[in-house]
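The block underneath contains the structure these notes are about, expressed in structure tokens.
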Amino acid sequence: MSNNTATAIQSIEWREDHVRILDQTYLPGREVYSDIRDVGRMWEAIKKLRVRGAPAIGIAAAYGFYLGIKELPENSFQSFFIEVERVAEYLETARPTAVNLHWALDRLKTTIQAHKDKDIAEIKDIVLKTAKTIHDEDKRTCKKIGEEGVKLVGKKSKILTHCNTGSLATGQYGTALSVIFHAHEEGKDIHVWVDETRPLLQGSRLTAWELKNAEIPMKLITDSTAGSLIRRGDVDMALVGADRVAANGDVANKIGTYPLAVLAHENDIPFYVAVPLSTIDMELDNGDDIPIEEREDDEITQFNGSEVAPKKTETYNPAFDVTPHKYVTGFITEKGLVEPPFNENFEKLFE
Ligand code: MRU
């Protein structure tokens, strides 16, 4: 796939001694880049969705972890590792649902343990190298997801997507959007329906921006429009990403994904979830145990800074929902399509 300007977006970049992120809270109005030089700023950037999307959160956390450990004293491994655990625990509190955050930190801690006989200064260099590897691997993985997923897209296809799963949400290309970018690049006649994705509008602010940059035909819809489009036969497939997939195939993704999956099922439309293996959590048997992040009232009591609900209105604002695996047609991964029974087929994938 050619590296056109749309897919070449780097939402995260390591620059010599700090991280530069494209602050997604300003999009689509302004392209603002912020330099992050300490773990506290990285925690804030993840929490406030300046950097967001499961794989991107994992990458950002990996660099944030390095920023958090790089100044630690280098006299004893034992006390160094106690602090390392503290930094990882702190970063984990930024956002609970995307397993990629936990996965990346776990990988870095395991790497540190594997090198515990080395000088701590050297271990720190290895941590930075591993964070860069996680970042590079994600770019390759997402490209592969696009190459695998494009096989499922018809020559002429209307695709419905939710939230943002593009280059902004990953190292590059994206997950569900990688499939869309690849289908367009292959000359398939695709049209994308973009759910605006209440309340933070990742669909209208970010996905529409990425698809416009790539000149991919699309229309923005309100979340509640999806049902009538599907019923009248205007959607050939639903394609989304995920923040965490349990071992049985239950999917946690942006709030509003579950109703889409039910609608797709009811209307005999395939519902595909595009994920890197790092999003599959084999430690959780099913989706009931996936921690679901609840966010602040003002995300729904305000719109663009104006109050849209009476003062002190109480809210329930979960950022994600869980789609039972029975509604998922298949998972598009870097190792190919995974079909039911998911439990068994995931096991094979991780062998
Ligand atoms: O709250 P967000 O914007 O981080 O939520 C992101 C999503 O729900 C995406 O669909 C998911 O992380 C997959 S990103 C490739």
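Observations on the model:
- By the count of other C-beta atoms within 10 Å, a proxy for reagent exposure, Tyr327, Tyr26, Tyr173, Tyr316 are ordered fewest to most as Tyr316, Tyr26, Tyr327, Tyr173.
- Volume per residue that the Cα convex hull of region 91-242 spans, once the total is divided by residue count, Å³: 123 Å³
- Rg over Rh for region 146-349 works out to 0.97, using Cα positions for both radii and the Kirkwood form for Rh.
- FRET efficiency for the Asp288 to Asn317 pair, using the beta carbon distance and R₀ = 22 Å, is estimated at 0.65.
- DSSP beta bridges fully contained in region 146-349 are about 40 percent antiparallel.
- If the Kirkwood radius is taken over C-alpha pairs of region 69-112, then at 25 °C and 0.890 mPa s the Stokes-Einstein diffusion coefficient equals 221 µm²/s.
- Folded to 0 to 90 degrees: helix 54-69 orientation relative to the chain principal axis, Cα: 10 degrees
- Placing pseudo-labels 7 Å out from each Cα toward the beta carbon at Gln10 and Leu337 gives an inter-label distance of 3.5 nm.
- Relative contact order computed over the chain (Cα-Cα under 8 Å; 6+ residues apart), in percent: 16 percent
- Computed from the alpha carbon atoms alone, the convex hull of region 12-143 holds 99 Å³ per residue.
- Across all directions, the average flat footprint of the convex hull enclosing the Cα atoms of the chain is 17.9 nm².
- The angle between the Cα long axis of helix 120-149 and the longest principal axis of the Cα atoms of the chain comes to about 10 degrees, rounded to the nearest 10.
- Counting Cα-Cα pairs of region 257-349 in 5 Å increments starting at 0 gives whole-percent bin shares of 2, 11, 17, 18, 15, 12, 10, 8, 5, 2, 0.
- Furthest towards positive pole of dipole, Pro341, Ala176, Leu67, structure part the chain, Cβ charges: Ala176
- When Trp103, Trp14 are sorted by how many other C-beta atoms sit within 10 angstrom of their C-beta, beginning with the fewest, the order is Trp14, Trp103.
- By the compact-protein rule of thumb, 2.2 N^0.38 Å, the alpha-carbon radius of gyration of region 79-163 corresponds to a ratio of 1.52.
- Euclidean distance of C-alpha centroids, region 309-325 and region 20-35, integer Å: 26 Å
- For Phe271, Phe350, Phe331, Phe81, order by how many other beta-carbon atoms lie within 10 Å, fewest first: Phe350, Phe81, Phe271, Phe331
- In summary, the lysines within cross-link reach of Lys132, defined as a Cα separation below 25 angstrom excluding same-chain residues under 8 places away, comprise Lys47, Lys48, Lys70, Lys109, Lys116, Lys118, Lys124, Lys143, Lys144, Lys335.
- Cα pair distances of region 1-82 binned at 5 Å [whole percent]: 3, 14, 23, 21, 16, 11, 6, 3, 3, 1
Since every read-out is calculated from the coordinates, none of them should be taken as a lab result. Given the structure is predicted, the values throughout are model-derived calculations rather than measurements. FYI the Cβ positions are ideal-geometry reconstructions off the backbone, even for glycines, and counts take in every protein chain you see.
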